[in-house]
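Engineer: The structure follows.
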Amino acid sequence: MTGKTLAALIIVMAAVIGMGIGTAGAGVERLYVLDCGENLGKDQSRWSPGINAGKPIEFSDNCYLIRHDKGLLLWDTGIPDSVAAMPDGMVVANGAITYRRSKTLAAQLEQVGVKPSDVTYLAVSHTHGDHVGNVALFPTSTVLIQGAEYDWAMAGPAKPAFGSTQKIEKLAGDRDVFGDATVKIVSTPGHTPGHQSLLVQLPKTGWLLLSGDAVHFQDNWTHKRVPSMNFNRDQTLASLKRIESLLEERKAQLWINHDKPQSLTLRYAPAFYE
Ligand SMILES: [Zn+2]
């Protein structure tokens, strides 16, 4: 091999390696866990029929901000920010649940240097009030929601307050949000007609599956219990099976949104996961 050929080969190899590094560096850069409130349930058995009847339960309620090199995605918006100014919280579901918020979503976004107009995609797991409380805060974001969920919610008594300028993209199943398979909405109906969960690949943390309300807490996950208020029991059980196989396939962690003991182990914004 001549010196010239060797030099050419080195240049080609450097280019190949460079391309490889370029590809690996793209994708999800970080994920922030945001405190989106707390739900106090009067009676745990509302979520676990026949178990712990009459016992109160405290739920965490998280939102997640994902920074991808192609944009920002906010997963769920939590309890309305206005609840932060209510010293006794807000009572909902005929007294069965009390919402509380110690800090607003707006303030937490500001703290990490994000303006609502920076949020490219606003994806909601489903349309219950503790997940869509702040959808109107993001007038320029594209909303990613299952068509089945949107149609069901807008026909019901508690319509989510979507902004008139928001582009609503009605999904019919899974969606690879940024086209590189690192942030994937997965259809997990049952809790509501168009419930969805989120599968995320972080460069250091690895795969995470954000549950939405596919399951509410660890004990229900272990025993595959279905809350009595769920829209469809069979769909719920099928979705739990689907989540189980996704976790196995990707060696993913399951982050159960409302599981307070698990949430207490997470690092909240301004800290983040990479
Ligand atoms: Zn729910």
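Engineer: Once label points are set 7 Å from the Cα along Cα→Cβ at both residue 52 and residue 170, what is their separation, rounded to one decimal in nm?
Structural biologist: Label at residue 52, label at residue 170, 3.8 nm between them.
Engineer: Volume per residue, Å³, of the convex hull around the alpha-carbon atoms of the range 117-184?
Structural biologist: Values: hull volume 5.8 nm³, N = 68.
Residue-normalised Cα hull volume stands at 86 Å³.
Engineer: Note down the magnitude of the dipole of the range 193-256 about its Cα centre, charges +1 on Lys and Arg C-beta and -1 on Asp and Glu C-beta and zero elsewhere, to the nearest 20 debye.
Structural biologist: 100 debye
Engineer: Please report, to one decimal in angstroms, the Kirkwood hydrodynamic radius of the range 168-240 built from all distinct Cα-Cα pairs.
Structural biologist: 13.1 Å
Engineer: 222 nm [θ] for the chain, helices only, -39500 (n - 2.57) per DSSP H run of 4+, per residue, to 500?
Structural biologist: Mean residue ellipticity, 222 nm, calculated: -7500 deg cm²/dmol.
Engineer: Ordered by residue, what ³J(HN,Hα) values in Hz, to whole numbers, does the range 169-178 give under the Karplus form 6.51 cos²θ - 1.76 cosθ + 1.60, where θ = phi - 60° and Gly and Pro are x?
Structural biologist: 9, 8, 8, 10, x, 6, 8, 8, 4, 9
Engineer: Consider just the alpha-carbon atoms of the range 99-152 and return their Rg together with their Dmax, both in angstrom.
Structural biologist: 12.2, 35
Engineer: Just subtract the alpha-carbon distance of residue 228 and residue 110 from 0.36 nm times their residue separation and send over the number in nm, one decimal.
Structural biologist: Separation in residues times 0.36 nm, less the Cα-Cα distance, equals 38.7 nm.
Engineer: Same structure, new question: Tell me the per residue accessible area of the chain using a 1.4 Å probe; a whole number in Å² is fine. Write down the numbers at each step before the final one.
Structural biologist: On the way: 12620 Å² over 274 residues.
Value for the chain: 46 Å² per residue.
Engineer: Hull surface divided by four, with the convex hull built on the Cα atoms of the range 90-244: how many nm²?
Structural biologist: 10.4 nm²
Engineer: Could you work out the local net charge near residue 90, counting Lys and Arg as +1, Asp and Glu as -1, over the other residues with Cβ closer than 13 Å to its Cβ?
Structural biologist: Local charge sum for residue 90: -3.
Engineer: May I pose another question? Go through 246-259, 212-225 and give me the packing order, highest mean Cβ count within 10 Å leading.
Structural biologist: 212-225, 246-259
Engineer: Can you say what percent of the DSSP beta bridges in the range 36-163, counting only those with both residues inside, are antiparallel? Round to 5. All intermediate terms of the calculation are to be shown ahead of the outcome.
Structural biologist: Details: 16 of 23 bridges.
Antiparallel bridges: around 70 percent, rounded to the nearest 5.
Engineer: Still on this structure: With +1 on each Lys and Arg Cβ and -1 on each Asp and Glu Cβ, and nothing else charged, work out how big the dipole of the chain is about its Cα centre, in Debye to the nearest 20.
Structural biologist: The calculated dipole for the chain is roughly 280 debye.
Engineer: Calculate what fraction, in whole %, of the accessible area of the chain sits on carbon and sulfur atoms when a 1.4 Å probe is rolled over the protein chains.
Structural biologist: 57 percent
Engineer: Which whole-percent values make up P(r) of the chain when all C-alpha to C-alpha distances are grouped in 5 Å steps starting at zero?
Structural biologist: Per 5 Å bin, starting at 0, the Cα pair percentages come out as 1, 6, 12, 17, 19, 16, 11, 6, 3, 2, 2, 2, 1, 1, 1, 0, 0.
Engineer: How are the Cα pair distances of the range 81-130 distributed, in percent, across 10 Å bins from 0?
Structural biologist: 21, 41, 31, 7
Engineer: Looking at the chain, do any whole DSSP H helices span at least 20 angstrom along their long axis by alpha carbon and average -1.0 or above on Kyte-Doolittle, and which?
Structural biologist: 3-25, 233-250
Engineer: Towards the positive end of the charge dipole of the range 91-219, with charges on Cβ (+1 Lys, Arg; -1 Asp, Glu), say which of 193, 91, 142 has the farthest Cα.
Structural biologist: Result: 91.
Engineer: Could you pull out every residue, at least 5 positions away or on a different chain, whose amide H is within less than 5 Å of the one on residue 72? Hs are placed 1.01 Å off N in the peptide plane, and Pro or chain starts have none.
Structural biologist: 120, 121
Engineer: Convert each backbone phi in the range 195-202 into a coupling constant with the Karplus relation 6.51 cos²θ - 1.76 cosθ + 1.60 (shift: θ = phi - 60°), then list the ³J(HN,Hα) values in order as whole Hz, x for Gly and Pro.
Structural biologist: 5, 9, 10, 10, 10, 10, 10, 9
Engineer: Once the other residues with Cβ under 15 Å from the Cβ of residue 100 are scored (Lys, Arg +1; Asp, Glu -1), what is the net sum?
Structural biologist: Counting the neighbours of residue 100, the net charge comes to -3.
Engineer: Compute, for the range 40-125, the length of the dipole vector about the Cα centre, with Cβ point charges of +1 (Lys, Arg) and -1 (Asp, Glu) only. Units Debye, rounded to 20.
Structural biologist: Using Cβ point charges on Lys, Arg, Asp and Glu, the range 40-125 gives about 120 debye.
The values are calculated or read from the model by the stated rules, or taken from the named source; none is laboratory data. From a predicted model like this one, the values you see are computed outputs, not experimental measurements. A quick note on method: Cβ atoms are made from the backbone with ideal geometry, for glycine too, and the neighbour counts reach across all protein chains shown. Keep in mind that these areas ignore ligands, DNA and RNA; they rest on the heavy atoms of the full protein, side chains included. Shrake-Rupley method; radii C 1.70, N 1.55, O 1.52, S 1.80 Å.
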